[in-house]
Amino acid sequence: MRPLYAGARASSPRREGYAPHMRSPPALFAALWLVAACAGSPAPPPPPAARHAVIILLDATRADVLAEVHAPRIASLAASGLRVERAWATATWTCPSVVSLFTGAFVRTHGWDLATGALDRYPPLPALPTLAEVLGDAGFTRQGLHANVYLAEDLGFDRGFDEWRRLADEVVGQEVARRVSAWPGDGRRHFLYLHLNGPHTGLSPSPEARARWALDERWFGTRHGLLIDVAQRGRDPAARAAYRAAYRAVLEDTDRRVGDVLDALAPVRSETLVVLLADHGEELGELGVFGHGWSVAEPLLHVPLVVAGPGVAPGVRPTATLAEVADLLTDALGIDHPWPVQSPWQGPLAAERHGKLAILADGRWKGMWTGDAREVVDLRHPDRPPGPEAG
């Protein structure tokens, strides 16, 4: 099994939730290995393989906003495992991003790059091996529970799963507890994929979260909760402020539900790899935009990524792509498979949205191509135009 390396923390200050440039993990650990070899000390053994694996995906979750709110269970998970400072989604809406997660491929490789809103008119997933299929070949049970309507489409998201069904966030903890209770005695290895709707529109924070964020009940008068259209189209400053607060309130509720899942995993936690991530982020008024529309802006790409449990060394990595999660997970489980994107990924991060392209080569300089327009942004100083003074 290949060892998974964690990078070192940067000492320079962070700005607006963005991580500064950090040394390449392979280069850093190669240097440490050389020092150890010269001293006559053996290299540390790789972590033991995990027996089970659970992915917890939080829909439409921004890394920077998640870091701002009170989310103690996610913070504790991150402190115990491998945390990525700047993880990038491969796309800015659910379907193509989940295709990347399941196939270990960038959008340019798997080719599923379509517009939102065309329910019942999408093509099936590409004919690439999926994570569930690979784990099935290795003898795992595979169960997928999701709360996103697009994943209920008959496109192949369920390929390789023994079970694939829609389930509300509110009951996911008790459902996981029911299933996991049978794991210790059945002698099998298990993979569980959980896709929580989280802070995806419409927003319906709990009464406790509404009170903490001083949210007026008038925003939640429909069964769908506070919809993105209220903030986006009406351009009412009060509605926009309410949406930003409600987004944060729902993130705090989501942290509690993640805690319910982690509590349910307690009987097998010591032998279970847990991956927590998001499929994309959300714009909350940047450039006047709410939601996850057509851009490749940083609030849509910068997502949380935490990996904790056996098979992965704790620490911090500067960058990662969600396309490498399949390889990271199977490697931690002791399974060798030639995924298109290997972990730790050494190349530039890449993301696409219906023909628009973003590239991040070194964790700092981001290039964007949107039709004929080109733009370069320094993520250390995203508001400063590029030039010699930004170098």
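At a Förster radius of 25 Å, what calculated FRET efficiency corresponds to the Cβ-Cβ distance of residue 155 and residue 336, to the nearest 0.05? Computed FRET efficiency for residue 155 and residue 336: 0.35. Between residue 120 and residue 233, what FRET efficiency follows from the Cβ-Cβ distance if R0 is 41 Å, with the result rounded to 0.05? With a Förster radius of 41 Å, E is 0.95. Only helices enter this figure: runs of n ≥ 4 DSSP H residues, each worth -39500 (n - 2.57), summed and divided by the residues of the chain, yield -8000 deg cm²/dmol at 222 nm to the nearest 500.
Using the alpha-carbon positions of segment 255-339, Rg (one decimal) and Dmax (whole number) come out as 15.9, 47 Å. The H on the amide N of residue 104, modeled in the peptide plane, is under 5 Å from the matching H of 326, each at least 5 residues off or on a different chain. Length available on full extension from residue 178 to residue 127: 0.36 nm per residue minus the Cα-Cα distance, which gives 15.0 nm. Rounded to whole numbers, the Karplus 3J(HN,Hα) couplings from phi for segment 221-228 are x, 10, 5, 8, x, 7, 8, 4 Hz, using 6.51 cos²θ - 1.76 cosθ + 1.60 with θ = phi - 60°, and x at Gly and Pro.
Measuring nothing but how far apart in sequence close Cα pairs (under 8 Å, 6+ apart) lie, relative to its length, the chain scores a relative contact order of 31 percent. Placing dummy labels 7 Å off each Cα toward the beta-carbon, the span from residue 270 to residue 68 is 4.1 nm.
Can you list the DSSP H helices in the chain whose Cα atoms extend at least 15 Å along the helix axis and whose mean Kyte-Doolittle hydropathy is -1.0 or higher? Display every interim value, and only then the final one.
Working: long enough: 25-38 (20 Å, 1.84); 237-264 (41 Å, -0.38).
The answer, listed by residue number, is 25-38, 237-264.
Considering all projection directions equally, how large on average is the shadow of the alpha-carbon convex hull of segment 96-213, in square nanometres?
9.3 nm²
Under a model in which nothing but the beta-carbon of Lys, Arg (+1) and Asp, Glu (-1) is charged, segment 210-353 shows a dipole of about 600 debye around its Cα centre.
Each reported figure results from applying straightforward, stated rules to the coordinates on display, with no laboratory input. Values in this document were obtained by computation on a predicted structure and should not be read as measured data. Note: ideal-geometry Cβ built from the backbone for every residue, glycine included; neighbour counts use all protein chains shown.
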